[in-house]
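Worksheet: the structure to be examined is printed underneath.
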Amino acid sequence: MKYGFFDDNNKEYVITTPKTPLPWINYLGCTDFFTLISNTCGGYTFYKDAKLLRMTRYRYNDTTPDTNGKYFYIKDGDTIWNPGWQPTKTELDSYECRHGIGYSKFCGAKNDIEASLITFVPIGDPVELTKVTITNKGANKKEIQLFSYVEWCLWNADDDMKNYQRNLSIGEVEVLDSTIYHKTEYRERRNHYAVYSVNTPINGFETSRDEFRGAYNGPDKPAAVLAGKLNNTIASGWYPIASHQIDIVLAPGESKTFVFALGYIENPDDDKWEKPGVINKTKANTLLSKYQTSEDFDNAFAALCDYWDNLLRKFHIESKDEHVNRMVNIWNQYQCMVTFNMSRSASYYETGIGRGMGFRDSCQDLLGFVHLIPDRARERIIDIASTQFQDGSAYHQYQPLTKKGNSDIGSGFNDDPLWLIAGTSAYIRETGDTSILKKMVPYDNDMSVATTLMEHLKRSFDYIVTHKGPHDLPLIGRADWNDCLNLNCFSEHPGESFQCFGPSEGPVAESVFIAGMFVKYGREYAALCKLMGDSSEEARVLSEVDKMIAAIEKDGWDGEWFVRAYDAYSHKVGSKECDEGQIYIEPQGMCVMAGVGIENGNAEKALNSVKDKLDTKYGVMILQPAYTKYHLELGEITSYPPGYKENAGIFCHNNPWISIAETCIGRGNRAFEVYKKTCPSYIEDISDIHRTEPYVYSQMVAGADAKFHGEAKNSWLTGTAAWTFTNISQYILGIYPTLDGLSVNPCTPADFGDFNITRVYRGVTYNIEIKNPNKVQKGVASLLVDGKEIKGNIIPFDSSKKVVNVTATMN
Ligand code: BGC
């Protein structure tokens, strides 16, 4: 069952009922100022950091009710309603929500009044703009009222939801004309405030939530709206809000348009006040003056659309498969931008107060983002590397505002260092910019111990070399990619964090997954050494890689698939010897992607085992059989009920690893079958089962053992976005950036047909035509570059050209 449809021409998903199974959200904002907005106008706004600079409140544990947001109420006689249906939930005569790329549109109608909203964050300004157009569709004059509503968060979202004994006394606002200023804590250590303004004189305002709602009322029945009159209260403490009242008279057929602006302003410390107690509004006035008319709004909106058109042009496919076209050209790349911006910090499932920028997560997000805005990727690599420790290990996360690492969600995850190599290598393959390797980068933000980024990569690599266990495989530390496989934790008491409890190191527990990573990214590091002319380091690295391959072949192979790990007693995890958890997806994907087992046939065996034992119609499960009881020696993974999350869920992030691995052994049919199973557009028809947004990936789909098999959770912020884009663009469609130039080597289903790709790479536009006359799954028989046949798959990079035309014929 569907709740809407894709409008590919406008790059929108159109939701036709407000009653979606879960809130279906969108992200507004590209760089610093962000809003999450659901299909019923729920959501929250922050500047740079969802924890430290939260502007509007989110209600926790409220995903489905979704009762707080940036709302507009219309009072028409005795009826009050919202164009996005929430929070009054008054039945509408018509409703539509269009989530687009960086904007959302809503259109609701009731009793001959139509209200349409467009909302977005303009490029370059810390403000969210909403144009509200109210039209009288009836034959009679209408006298109605429009009310806006946002609830301020007192900046630190974590403290805001806990520390009522202080916070209920600190709220402060100012109001001048049509602008409401939120200035809590501005009198002391903050130098920033928020504004909510509208480009028309108002008939009233409200800044106290209790006055707005009336005692014991929720946002669905605000007393002031029902009464048709705001009381012009200046809040002092309690719950500050911002609401405007606009009384409107509309002749039949007449429309009126208003532009609302929700902005963030920073002042220099010595220029905070206009006069004692009155904030300096100069910067706010400058910002608001830019968006005073509908034309201002429309121009800024057009600039946003151009911005995105230019970005999405960097990779564009035309094939006969509309799902692939839509996901590759629009939604998958868009989600890559969002995951790059947010890491795992702020969604409807990530509260913005828990996880900041993940070291591992952000490195992987780069893989799907780097082609869009390489300069931002460069900055991110430096930020991430700056939180690394001198021994090569890493904090697991850092706060976006301070850019400082912290151990709030643990550290000592031994895969982390290698992801830095993955992200850096992807950046250099994309851009050719080796200057980044020479840049001096601090450790733990301490510039006095800075080294080159290349030295950071060496320390990443060497951290694994110097942290091996009894089988010469990498020690796992707290966990590897699978945060929940905690082999050194041994937590017995509820409330202990599996990621922070106990020793972060153990001398015995090992990870075959990290071994696979070490081979894959060790080789990429070696290639960078070669590029930089360091052949002795290259040779050393490759010999360490060979040792690791030998260790995997000796003790990491279980006969039909790769072992997952060895626990703290040196017992195998993910082996036929185990009662439960006999086979895990991660080492199968990673080892084959690294090339391990391709020559001796183990890769094929491992992937056949994946198909036999882990496949479902909704995707490939992370392990089987599911753990049915808690294992002290395995940790959080066994804490989940069977079929959910890391305990035998379909963890979408590593499905593309299997798909990529299949392309490594040339099986395009199977690679694409795996791609399709979790691809949002392909499964739009089962939105009632899947439940999360049909235009983006979710972290997890419940596995075969779960009660709700096929139901997804944790949409938007997942490494699935970057890995899937890597999979489809670089492996299935086969346009892979190498250090020397673009490689063309597709691995598609036999019947995928011919296709054309436009790829902007290092400033050159490649128009690539791929023909597959004999319906093969892999293999390029001829490659013509500007009419000349070249040997091999790599188009040599030539910066003197602006456009290169390529024809590849598969056979
Ligand atoms: C985390 C990832 C981790 C994955 C598997 C996600 O929630 O953000 O870092 O690799 O779970 O445990």
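The values are calculated or read from the model by the stated rules, or taken from the named source; none is laboratory data. Here the structure is a predicted model, which means the values were calculated and not measured. Reconstructed Cβ throughout: ideal geometry from the backbone, glycine too, with neighbour counts over all protein chains shown. The protein model used for the area step is the full one, side chains on, heavy atoms only, and it has no ligands, DNA or RNA in it. Shrake-Rupley method; radii C 1.70, N 1.55, O 1.52, S 1.80 Å.
What to note about this one:
- Karplus-derived 3J(HN,Hα), 6.51/-1.76/1.60, for each residue of the stretch 141-152, Hz, glycine and proline x: 4, 10, 10, 10, 10, 10, 10, 9, 6, 9, 10, 6
- Backbone HN-Hα couplings from phi across the stretch 224-240 [Karplus 6.51/-1.76/1.60, Hz, Gly and Pro as x]: 5, 5, 4, 7, x, 7, 7, 9, 6, 7, 9, 5, 9, x, 6, 10, x
- Listed residues E455, E524, E295 arranged by accessible area, highest first, probe 1.4 Å: E295, E455, E524
- Burial ranking of peptide ranges 8-14, 717-723, 601-607, 409-415 (average Cβ count within 10 Å, highest at the top): 717-723, 409-415, 601-607, 8-14
- Phi to ³J(HN,Hα) by Karplus 6.51 cos²θ - 1.76 cosθ + 1.60 over the stretch 571-582, Hz, x for Gly, Pro: 7, 5, 10, x, 9, 4, 6, 7, 6, 10, x, 7
- Against the empirical 2.2 N^0.38 Å (N residues), the stretch 372-424 has a Cα radius of gyration ratio of 1.12.
- Only Lys, Arg, Asp and Glu carry charge here, each on its Cβ (+1 for the first two, -1 for the last two); on that basis the stretch 523-681 has a dipole of about 560 debye about its Cα centre.
- Its alpha carbons considered, the stretch 130-215 gives a radius of gyration followed by a Dmax of 16.6, 56 Å.
- Computed about the Cα centre, the dipole magnitude for the chain is approximately 920 debye when only Lys and Arg (+1) and Asp and Glu (-1) carry charge, each at its Cβ.
- Assuming charge only on the beta carbon of Lys and Arg (+1) and of Asp and Glu (-1), the dipole of the stretch 177-333 about its Cα centre is about 360 debye to the nearest 20.
- Solvent exposure of the stretch 57-134 as accessible area per residue, Å², 1.4 Å probe: 30 Å²
- Global geometry of the stretch 1-95, whether rounded, prolate or oblate, following the gyration tensor of its Cα atoms and the 1.5 cut on a/c: oblate
- Over 17 Å [Cα-Cα, the stretch 446-526], rounded percent: 55 percent
- For the stretch 253-316, average projected area of the Cα convex hull in nm²: 8.1 nm²
- Remark: for residue pairs K51/K677; K2/K70; K320/K788; K11/K131, the C-alpha separation exceeds 24 Å in K51/K677; K2/K70; K320/K788.
- Rg to Rh quotient for the stretch 214-308, alpha carbon positions, Kirkwood Rh: 1.04
- Across the accessible surface of the chain, with the other protein chains kept in place and a 1.4 Å probe, carbon and sulfur atoms take up 48 percent.
- Net charge of Cβ neighbours under 12 Å - reference L623; Lys, Arg +1; Asp, Glu -1: -1
- Across all directions, the average flat footprint of the convex hull enclosing the Cα atoms of the stretch 585-629 is 3.6 nm².
- When the Cα atoms of the stretch 396-457 are aligned to their principal axes, the ranges along those axes come out at 36, 26, 22 Å in descending order.
- Helix-derived mean residue ellipticity, 222 nm - over the chain, DSSP H n ≥ 4, -39500 (n - 2.57), to 500: -7500 deg cm²/dmol
- Between the stretch 122-136 and the stretch 278-357, the alpha-carbon centres lie 14 Å apart.
- Cα-based radius of gyration of the stretch 694-811 once divided by 2.2 N^0.38 Å, which approximates compact folds: 1.32
- For q = 0.10 Å⁻¹, Debye-computed log10 I/I(0) when each Cα of the stretch 123-271 counts as one equal scatterer: -0.40
- Computed over all pairs of different Cα atoms, the Kirkwood value for the hydrodynamic radius of the stretch 46-142 is 15.1 Å.
- For the stretch 761-798 versus the stretch 175-236, the gap between their alpha-carbon centres in whole angstrom: 61 Å
- Taking the alpha carbon gyration tensor of the stretch 484-565, multiplying each eigenvalue by 5 and rooting it gives semi-axes of 32, 17, 10 Å, largest first.
- Per residue solvent-accessible surface (Å²) - the stretch 199-259, probe of 1.4 Å: 44 Å²
- Here, the stretch 233-272 is characterised by an Rg to Rh ratio of 1.17, where Rg is the alpha-carbon radius of gyration and Rh the Kirkwood radius.
- Calculated P(r) tail over 20 Å for the stretch 305-422, as whole % of Cα pairs: 47 percent
- Charge dipole of the chain about the Cα centre (unit charges at C-beta), most positive-ward option of V249, F6, A603: V249
- Gained length - A303 relative to R166, 0.36 nm times residue gap less alpha-carbon distance: 45.0 nm
- Across the options L623, A527, F315, the greatest Cα extent toward the positive end of the charge dipole of the chain (unit charges at beta carbon of Lys, Arg, Asp, Glu) belongs to F315.
- Solvent-accessible surface of the stretch 591-720, taken per residue with a 1.4 Å probe and all protein chains present: 30 Å².
- Cα centroid separation - the stretch 673-743 against the stretch 544-565, whole Å: 28 Å
- Taking every alpha-carbon pair within the chain, the share separated by more than 34 Å comes to 52 percent.
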